[in-house]
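The values are calculated or read from the model by the stated rules, or taken from the named source; none is laboratory data. Remember, it's a predicted structure, so these values are computed and weren't measured experimentally. Note that we place each Cβ from the backbone using ideal geometry, even for glycine, and neighbour counts take in every protein chain shown. All accessible areas refer to the heavy atoms of the entire protein, side chains included, with ligands and DNA or RNA removed. Shrake-Rupley method; radii C 1.70, N 1.55, O 1.52, S 1.80 Å.
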Amino acid sequence: MTHGAIAAQMPGAEGGRAPLPPLAVLARGDVAASLAPICTELFDVSALTPPETVLRHGGGLILIEQGMPGWDQLLLLLAVERPGSAVIVVSDQLPAHMVRALMKIEASDILPSSAGAGDIVGAFERLCETRVAEREKAPPQASVCWAFRGAVGGAGVSTLAIESAFALARIVGPGKVCLVDLNLADGMTASFLEAVPKLDLKALSAAPERLDARLMAAWCWQHEDGVSIIASPRDPDADALATEAAILRLLDVACSSFEYVLLDMPRHMMPWTKPVLAAVDQAIVVSELTVPSLHAAADMCRDIDALRKDGSKARLVLNRMFPKKNFRAGFPVEKAEKSIERMIDVTITSDWDAARTAVNLGKPIADVKPKSPLVADVAGLVRKLAPEEALATLAANHKAKRAKR
């Protein structure tokens, strides 16, 4: 996928202009109160610790007033962990070491203590306009997007999407892979990984055009293994909010922000299902080795094939297979392929104990049981689908490591 630069318009306070996007504020109560009417959402982070603020709001718009408890630690953490944030510090005399920290942040400014709400809004507007202009000058970034969708319920799609994301990150390196949970009403990705579901679906659906890389960063939660997670809190009404415009904008910005984007998609049809499956680089249908599941998978694959304008076909993966030493010869893969008249691309060996332990610990299976046959099979799936340049880089890195020994 190739995505153009995103030209997000940042707001001001007066003159009929749109309100400021969500803003995290560590400042006196009167400052926060003056900004509340001109923000779509305002978060008073004074009750949070600096690490909690960075986790929840890093990458977004943040206002810090010198002298507030924890202001200096928050600024230093943002400079190290979330330099992509847009930060304004209210101070009349900022220490030199804090100025240096502020300079490490992608978009930053310093305002005097006398600055009013209009000054703050104007400063954020100027910062974000500069960032948008810089992104527009940059060439479009090519990204790789895979979608995982189950042919039947309970096929283990979320587990495969998670394990594939982490397997891919081990090939391409941290910070390049993003996993998006599109099971918006009842997704399990955040629970499986003990992640923080930060996607604000209401804000996205209200103004999809306002989503840019900065806000995307605020909605991402990053695992210690280097995979970013985009998930929304469970909400029975979420599917009604997930318009086609909102989801396509979310994926467009995600693909412009990350080199690799993996989607955990719901089985049921949504207004955005067809355009997403038509656009992704790989559409992966997950099934089990039962007759009903195989026929459902074959039907889903044919439906997806019809959407693919480039002529590429959906990939069929059989999950939860018996270990090869216990595999029942009465229903081999070859017989399954013949019955549905379609090739099965990959089979994934079941390892229930490892999967159960991993979700209870909030970790990917590879971190809990790296020698699991499931982990090996997922690695094979990723290597089969990964771009050649990624595999070539991996091979070169391994060769360089062996040469140093």
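Peptides 78-88, 262-272: what's the order by average Cβ count within 10 Å, highest mean first?
On the way: 78-88: 21.0, 262-272: 18.6.
The packing order, highest mean first, is 78-88, 262-272.
Kindly report, to the nearest 10 Å², the accessible surface of Glu41 as traced by a 1.4 Å probe over protein heavy atoms only.
Approximately 70 Å² for this residue.
For helix 244-257, report the angle its Cα long axis makes with the longest principal axis of the Cα atoms of the chain; keep it between 0 and 90° and round to the nearest 10°.
It is inclined by approximately 80 degrees.
Could you work out how far apart the two model spin labels at Asp92 and Arg28 are, taking each label as a point 7 Å from the Cα in the direction of the beta carbon, and quote it in nm?
1.0 nm
In the structure shown, do any of Lys335/Lys363; Lys104/Lys202; Lys335/Lys384; Lys274/Lys371; Lys176/Lys369 have a Cα-Cα gap over 30 Å, and if so which? Before the final figure, lay out the partial values.
Values: Lys335/Lys363 36 Å; Lys104/Lys202 32 Å; Lys335/Lys384 23 Å; Lys274/Lys371 37 Å; Lys176/Lys369 24 Å.
The pairs that break the limit, which is 30 Å between Cα atoms, are Lys335/Lys363; Lys104/Lys202; Lys274/Lys371.
Under the Kirkwood approximation for Rh and a Cα-based Rg, what ratio Rg/Rh is obtained for segment 240-358?
My calculation of the ratio gives 1.02.
In percent, how large is the relative contact order of the chain, given Cα pairs closer than 8 Å and 6 or more residues apart? Don't skip to the answer; put the middle values down first.
Details: 747 pairs, mean separation 66.6, N = 405.
Answer for the chain is 16 percent.
Counting DSSP beta bridges in the chain, what percent are antiparallel, to the nearest 5?
Bridges in the chain are about 10 percent antiparallel.
Between Val99, Val375, Val172, find the one with the highest GNM mean-square fluctuation for the chain; connect C-alpha pairs within less than 10 Å.
Val99
Kindly express, to the nearest 10 degrees and within the range 0 to 90, the angle between helix 352-361's C-alpha long axis and the longest C-alpha principal axis of the chain.
Approximately 10 degrees, to the nearest 10.
How compact and how long is segment 63-201, expressed as Rg and Dmax of its alpha-carbon atoms in Å?
Expressed in Å, the Cα Rg and Dmax of segment 63-201 come to 20.2, 62.
Pick from Ala392, Ala151, Ala165 the residue whose mean-square fluctuation is largest in a GNM of the chain, springs joining Cα atoms under 10 Å.
Ala392
How big is the antiparallel share of DSSP beta bridges in segment 179-324, given as a percent to the nearest 5?
Around 20 percent of the beta bridges assigned by DSSP in segment 179-324 are antiparallel ones.
Just from the alpha-carbon atoms, what are the Rg and Dmax of the chain in angstroms?
23.3, 79
Considering every Cα-Cα pair within segment 215-286, what fraction, in whole percent, is farther apart than 18 Å?
Result: 43 percent of Cα pairs exceed 18 Å.
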